[in-house]
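Asks: Okay, handing you the structure first.
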Amino acid sequence: MSFLQILWFILIAVLWSGFLFLEGYDFGVGMQFAFNARNQKDRQALYEAIGPNWDANEVWLLTAGGATFAAFPYWYASLFSGFYLLLFIVLMALIYRGVSFEFREHMPTIQGTQLWERLIALSSFIAPFFLGMIFTAMVSGMPMDAKGNISAGFFDYVTPFTLVGGVAVALMSYVHGLNYTRLRIDGDLRVRALTQLKVLYPLLLAGEALFAVLLFFYTDFLQTKTLWTLLILVAIVGTTLLGWYLAIAKTKEGVPFVLSGLTLVEVVVLLFVGMFPRVMVAAEPLHSLKIINASSSPYTLKVMTVVVLTALPITLAYQIWSFWVFRKRIVADKVVE
């Protein structure tokens with residue numbers, strides 16, 4: 001493996017981490033349209049909290065997909081053909097979610113507005129749930145031939161491990177969204193968010209423990225990368241515990257928010273470290289797709305690296321500026337419906 005091949009494997013992990021950190025709280029806020037908001041003022045406050053940034057946050061997903069296509073075309077071909085249906089469901093959820101944000105603003109009746117708001121909550125759950133299923137299925141070993149073609153059945157995709165993985169990512173996103181609500185919104189929404197966090201953090205810890213147990217049975221991570229896997233699992237649990245303590249202690253809301261996002265990042269790190277040097281894990285180890293065989297040419301990777309080094313600082317600067325401009329806390333009782 002060359003330096004550039006490893007670099008781009010790491011960069012794709014960074015892109016997925018950025019997406020789940022930023023879009024994770026968007027998903028969590030979207031789910032709150034059903035599970036936290038009590039009236040139209042609450043739902044409008046939730047929308048205004050993510051309105052300026054949710055679509056920009058989704059660019060990280062597009063970039064992750066595009067980078068995979070350009071840097072590792074064989075990985076892209078195997079992943080997007082083998083997981084076509086699950087990825088289609090994620091895509092439809094993201095489409096309906098984006099449409100719902102726009103259409104709710106233009107409905108002439110309250111019933112129409114509430115219909116699109118229910119779709120926001122539903123699609124905000126479906127997207128992270130199925131992304132969690134895809135990631136866990138991808139590392140658990142799929143029936144794949146030597147050319148990277150996946151011939152999987154229903155129970156290859158739907159297993160206790162993938163279901164727990166889907167629920168875990170959705171629940172982490174919801175907790176992340178509740179922490180974001182506490183950071184950005186004043187009023188009853190903020191109070192109810194803390195009440196829910198007190199219940200959900202213990203559930204999240206139980207889910208992480210179950211995920212760790214299933215990780216042993218469904219992957220080879222603990223056999224091939226014992227130390228790294230254990231360290232990252234301890235980091236995930238430790239970050240969750242610290243976030244729970246600080247949220248209940250009612251310290252500055254920014255720290256629990258960063259910690260809940262960091263938990264999602266640590267899950268991505270766990271999966272990518274466990275996969276390395278593979279990009280697709282096959283049930284038959286000899287058929288696993290590896291970085292060295294799945295990447296583009298050295299020239300392509302070199303050009304892509306130059307483009308990233310030029311564009312990434314500009315993108316990050318813009319997003320940081322955007323968050324700074326819209327940093328003011330929202331008061332739910334004072335929003336205009």
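The values are calculated or read from the model by the stated rules, or taken from the named source; none is laboratory data. Only a predicted model underlies this, so the values are computations on that prediction, with no experimental measurement involved. Because the Cβ atoms are built from the backbone with ideal geometry, glycine has one as well, and the counts that use them run over all protein chains shown. Ligands, DNA and RNA are excluded from the accessible area calculation, which covers all protein heavy atoms including side chains. Shrake-Rupley method; radii C 1.70, N 1.55, O 1.52, S 1.80 Å.
Asks: Can you tell me the alpha carbon radius of gyration of region 157-239 divided by the globular rule-of-thumb value 2.2 N^0.38 Å? Please list the in-between numbers first.
Replies: On the way: Rg = 15.3 Å, N = 83, 2.2 N^0.38 = 11.8 Å.
Ratio of Cα Rg to 2.2 N^0.38 Å: 1.30.
Asks: Additional query: Order these peptides, 129-135, 76-82, by their mean beta-carbon neighbour count within 10 angstrom, highest first.
Replies: For the peptides 129-135, 76-82, the packing ranking is 129-135, 76-82.
Asks: For region 262-318, how big is the tail of P(r) above 15 Å, as a whole percent of Cα pairs?
Replies: Working: 1072 of 1596 pairs.
For region 262-318, the share of Cα pairs beyond 15 Å comes to 67 percent.
Asks: Related question: With a 1.4 Å probe and all protein chains left in place, how much of the accessible area of region 1-154 comes from carbon and sulfur atoms, in whole percent?
Replies: About 71 percent, which is the carbon plus sulfur part of the accessible surface.
Asks: If I compute solvent accessible area with a 1.4 Å probe over the protein chains, what percent of it on region 192-280 is carbon and sulfur? Display every interim value, and only then the final one.
Replies: Working: 3270 of 4050 Å².
Carbon and sulfur: 81 percent of the exposed surface of region 192-280.
Asks: Using only Cα atoms, find the angle between the long axis of helix 226-248 and the longest principal axis of the chain, and express it within 0 to 90 degrees, rounded to the nearest 10.
Replies: It is inclined by approximately 0 degrees.
Asks: Report, in whole Å, the centroid distance computed from the Cα atoms of region 163-205 and region 86-130.
Replies: If you average the Cα positions of each part, the centres end up 20 Å apart.
Asks: Would you mind putting 256-269, 141-154 in packing order, based on average other-beta-carbon counts within 10 Å, highest first?
Replies: Values: 256-269: 23.1, 141-154: 14.5.
For the peptides 256-269, 141-154, the packing ranking is 256-269, 141-154.
Asks: Using a basic spin-label model with each label point 7 Å from the Cα along Cα→Cβ, how many nm lie between Phe326 and Gln40?
Replies: 2.2
Asks: Then there is this: So what is the relative contact order of region 1-154, in percent, for Cα pairs below 8 Å that sit 6 or more residues apart? List each step's numbers first, then the result.
Replies: Details: 126 pairs, mean separation 42.3, N = 154.
It rounds to 27 percent for region 1-154.
Asks: I would also like to ask the following. Testing the spin-label approximation: label points 7 Å from Cα along Cα→Cβ at Ile314 and Ile110. State their distance in nm.
Replies: Inter-label distance under the simple model: 4.7 nm.
Asks: Compute the length gained on full extension between Ala283 and Ser297: take 0.36 nm times their separation in residues and subtract their Cα-Cα distance, giving the result in nm to one decimal.
Replies: Numbers: separation 14, 0.36 × 14 = 5.04 nm, distance 2.75 nm.
Extra length available between Ala283 and Ser297 comes to 2.3 nm.
Asks: If all Cα-Cα distances of the chain are sorted into 10 Å bins from 0 onward, what percent lands in each bin, rounded to whole numbers?
Replies: Once binned at 10 Å, the Cα pair distances of the chain give 5, 25, 33, 24, 10, 2, 0.
Asks: Would you work out the charge dipole size for the chain about its Cα centre, treating the Cβ of every Lys and Arg as +1 and the Cβ of every Asp and Glu as -1, and quote it to the nearest 20 debye? Don't jump to the answer; show the numbers that get you there.
Replies: Working: 22 positive and 20 negative charges, 125 e Å.
That gives a dipole near 600 debye.
Asks: Once you have the Cα-Cα distance between Tyr245 and Leu203, take 0.36 nm times their residue separation minus that, and quote the gain in nm to one decimal.
Replies: On the way: separation 42, 0.36 × 42 = 15.12 nm, distance 1.43 nm.
Roughly 13.7 nm would be gained on extension.
Asks: I'd like the Karplus ³J(HN,Hα) series for region 28-40: coefficients 6.51, -1.76, 1.60, θ = phi - 60°, whole numbers in Hz, and an x wherever there's a Gly or Pro.
Replies: Once rounded to whole Hz, the list reads x, 5, x, 4, 5, 4, 9, 10, 9, 5, 10, 8, 5.
Asks: When you count, for each residue, the other Cβ atoms within 10 Å and take the mean per peptide, how do 179-188, 232-241 rank with the highest first?
Replies: Working: 179-188: 22.1, 232-241: 17.7.
The packing order, highest mean first, is 179-188, 232-241.
Asks: Out of residues 5 or more away from Val279 or on other chains, whose amide H comes under 5 Å of its own, with H placed 1.01 Å from N in the peptide plane?
Replies: Counting only residues 5 or more places away or on other chains, the set is Leu289, Lys290, Ile291.
Asks: Using the Cα centre of the chain as origin and beta-carbon charges of +1 (Lys, Arg) and -1 (Asp, Glu), tell me which of Ala193, Leu204, Ala121 is placed farthest towards the positive end of the dipole.
Replies: Ala193
Asks: Evaluate the charge dipole of region 146-223 about its Cα centre and quote only its size in Debye, nearest 20, assuming +1 on the Cβ of each Lys and Arg and -1 on the Cβ of each Asp and Glu. Let's see the in-between values first.
Replies: Numbers: 6 positive and 5 negative charges, 59 e Å.
Result for region 146-223 is approximately 280 debye, rounded to the nearest 20.
Asks: For region 55-104, what class follows from the C-alpha gyration tensor (a ≥ b ≥ c being the square roots of its eigenvalues): rounded when a/c is under 1.5, otherwise prolate if a/b is larger than b/c, else oblate?
Replies: Numbers: a/c = 5.27, a/b = 1.72, b/c = 3.08.
Here region 55-104 falls in the oblate category.
Asks: Further question on the same structure: What is the dipole size for region 195-337, taken about its Cα centre, with +1 at each Lys and Arg Cβ and -1 at each Asp and Glu Cβ, in debye to the nearest 20? Before the final figure, lay out each step's value.
Replies: Working: 11 positive and 7 negative charges, 91 e Å.
So the dipole magnitude of region 195-337 works out to roughly 440 debye.
Asks: Quick check for you: with a 1.4 Å probe and neighbouring chains kept, what is the accessible area per residue of region 246-311, in Å²?
Replies: 47
Asks: So, one more: Go through Thr159, Ile6, Val269 and say which Cα lies farthest out towards the positive end of the charge dipole of the chain; charges sit on Cβ, +1 for Lys and Arg, -1 for Asp and Glu.
Replies: Looking along the dipole axis, the top candidate is Val269.
Asks: Using r as the Cβ-Cβ distance of Glu48 and Lys252, and R0 as 25 Å, what FRET efficiency do you calculate, to the nearest 0.05? Provide the component values of the computation, followed by the final result.
Replies: Working: r = 22 Å, r/R0 = 0.87.
In this case the efficiency is close to 0.70.
Asks: Take every Cα pair under 8 Å in the chain that's 6+ residues apart, average their separations, divide by the length, and report that relative contact order as a whole percent. Before the final figure, lay out the partial values.
Replies: Working: 476 pairs, mean separation 96.7, N = 337.
Computed value for the chain: 29 percent relative contact order.
Asks: When ligands, DNA and RNA are left out and all protein chains stay put, how many square angstrom of accessible area per residue does region 1-160 have with a 1.4 Å probe? Display every interim value, and only then the final one.
Replies: Values: 6680 Å² over 160 residues.
Normalised by residue count, the accessible surface of region 1-160 is 42 Å².
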